[in-house]
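Q: Quick one: the structure is below, and I'll ask about it shortly.
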Amino acid sequence: MRTVVILGSTGSIGTQALDVIARNPEDFRVVGLAAGGSDLHLLAQQAVATGAPVIALANASSPALFLDAFTALAPTAPKPQVICGPEAVVEVASLSCDVVLNAITGSIGLRPTLAALAAGSVVALANKESLIVGGPLVKAIAGPDQLVPVDSEHSALAQCLRAGRASEVKRLLLTASGGPFLGKSRAELGSVTPEQALKHPTWSMGPVVTINSATLMNKGLEVIEAHLLFDIDMTRIDVVVHPQSIVHSMVEFVDGSTIAQVSPPDMRLPIAMGIAWPNRVADASPANDWTKPVSWDFRPLDDSAFPAVALAREAGTRGGIAPAVFNAANEVCVDAFLTGRLPFLGIVDTVGKVVGDAPAQTSGSLTLDDVLQAETWARDAARTIVGVA
């Protein structure tokens with residue numbers, strides 16, 4: 001049995017992970033949950049259902065409300081330890097356990113990732129920003145097989161890479177659904193509204209990830225992540241548009257063979273792979289129905305309409321603080337778009353301006369302070385361009 005801590009338990013990935021765990025009680029036991037505190041009733045339900053002895057709340061004013069919700073659901077159950085405040089998630093990430101699933105959104109997930117790795121836990125990484133903004137820091141501390149991807153594309157690549165030796169890999173092919181604006185020209189994207197951008201045709205995700213998918217910024221982040229996870233040069237990582245989201249990614253080998261991982265678009269499968277790696281969890285998600293006729297489409301990425309991937313390559317190739325600047329500026333721009341202060345095309349355009357103006361890294365090797373300072377600079381620079389105080 002594997003003991004598991006879930007960071008971001010009330011979000012989409014966290015709730016689906018708990019579904020996988022609930023259906024496999026002989027394989028997993030939850031020993032800690034962490035959440036921001038925006039849905040205390042759901043968190044209390046999760047705490048009661050799992051019996052997790054430790055709960056972390058980023059909102060320091062929420063413990064009494066959480067315990068009230070917990071007691072209302074289970075009056076006689078032993079109350080869990082509740083840790084509150086900005087350091088709470090780092091503390092629970094440091095708990096002694098087999099696996100920490102990091103499903104926090106944003107670069108605030110970096111310190112919990114480092115804490116979990118330092119504690120010796122396997123990190124099932126749904127928080128791609130951890131690796132993107134702090135790649136050298138994460139890789140320096142992560143041991144062999146200690147970092148396991150949960151993104152569907154990177155989980156697919158990890159599975160496909162089992163088919164051959166590293167020296168036999170020619171390139172990685174990340175698939176992209178194309179988001180809600182597939183086939184649109186840059187001119188047609190000028191009037192896109194937040195409501196339109198939040199209607200993803202395939203996946204149900206949080207607002208930030210959904211907007212990143214609409215701009216294809218998410219795919220740019222994934223290119224950087226794949227480079228860092230699998231030690232494959234950026235020039236050997238390509239993006240292919242596949243609207244059906246059935247082929248989750250592919251690996252092409254030097255002999256001309258291409259191995260693909262195929263399954264319906266259901267995040268429970270890569271989540272299960274992440275917390276059970278290298279094993280598989282039976283019936284983690286439904287399989288394809290091969291009795292029905294089906295066709296899959298693949299097409300090249302339109303870099304002129306969606307320049308985010310090319311911009312990500314630039315930031316990832318520069319390395320150092322550039323990926324942190326790229327990600328932090330994007331977080332500001334997505335928020336500005338969602339609140340009506342920035343047009344859709346302004347998201348990537350503004351990020352490109354911030355990355356282009358970024359200062360050079362001052363220290364010889366990347367430090368956590370470098371990352372934090374770069375993020376602060378990038379957010380301030382993006383807010384200045386957007387006109388946000």
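The values are calculated or read from the model by the stated rules, or taken from the named source; none is laboratory data. Computed from a predicted model, the values in this text were never measured in an experiment. Glycine also receives a Cβ, built like all others from the backbone with ideal geometry; neighbour counts cover every protein chain displayed.
Q: Can you tell me which of Val251, Val241 is in contact (Cβ under 8 Å) with a residue 24 or more places away in the chain, surrounded by fewer than 22 Cβ atoms within 10 Å (Cβ to Cβ), among the β-branched types (Val, Ile, Thr) and not assigned by TED's automatic domain parsing to the domain that holds Val99?
A: Step by step, each of Val251, Val241 is checked, and only Val241 is in contact (Cβ under 8 Å) with a residue 24 or more places away in the chain, surrounded by fewer than 22 Cβ atoms within 10 Å (Cβ to Cβ), among the β-branched types (Val, Ile, Thr) and not assigned by TED's automatic domain parsing to the domain that holds Val99.
Q: Only helices (runs of 4 or more DSSP H) wholly contained in the range 2-91 count here; list those with 3 or more residues that are touching a residue at least 60 places away in the same chain (Cβ under 8 Å) and surrounded by fewer than 24 Cβ atoms within 10 Å (Cβ to Cβ).
A: Filter on the range 2-91 gives 12-22.
Q: Enumerate the helices (runs of 4 or more DSSP H) found wholly within the range 141-217, keeping only those where 3 or more residues are at pLDDT 95 or above and not assigned by TED's automatic domain parsing to the domain that holds Gly346.
A: 152-160
Q: Could you figure out which of (1) surrounded by 24 or more Cβ atoms within 10 Å (Cβ to Cβ); (2) touching a strand residue (DSSP E or B) at 6+ places or on another chain (Cβ under 7 Å) isn't true of Leu110?
A: Only one criterion is unmet by Leu110, namely (2).
Residues are listed down the side, and each one gets a yes or a no for (1) in contact with a Leu (Cβ under 8 Å, 6 or more places away or on another chain); (2) hydrophobic (A, V, I, L, M, F, W, C):
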| residue | (1), (2) |
| --- | --- |
| Leu131 | yes, yes |
| Ala156 | no, yes |
| Gly164 | no, no |
| Ser167 | no, no |
| Pro194 | yes, no |
| Leu221 | no, yes |
| Ala226 | yes, yes |
| Ile246 | no, yes |
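Q: Then there is this: Filter the range 171-226 down to residues that are without any contact (Cβ under 8 Å) to a residue 60 or more places away in the chain and touching a Gly at 6+ places or on another chain (Cβ under 7 Å) and give me whichever is surrounded by the fewest Cβ atoms within 10 Å (Cβ to Cβ).
A: His200
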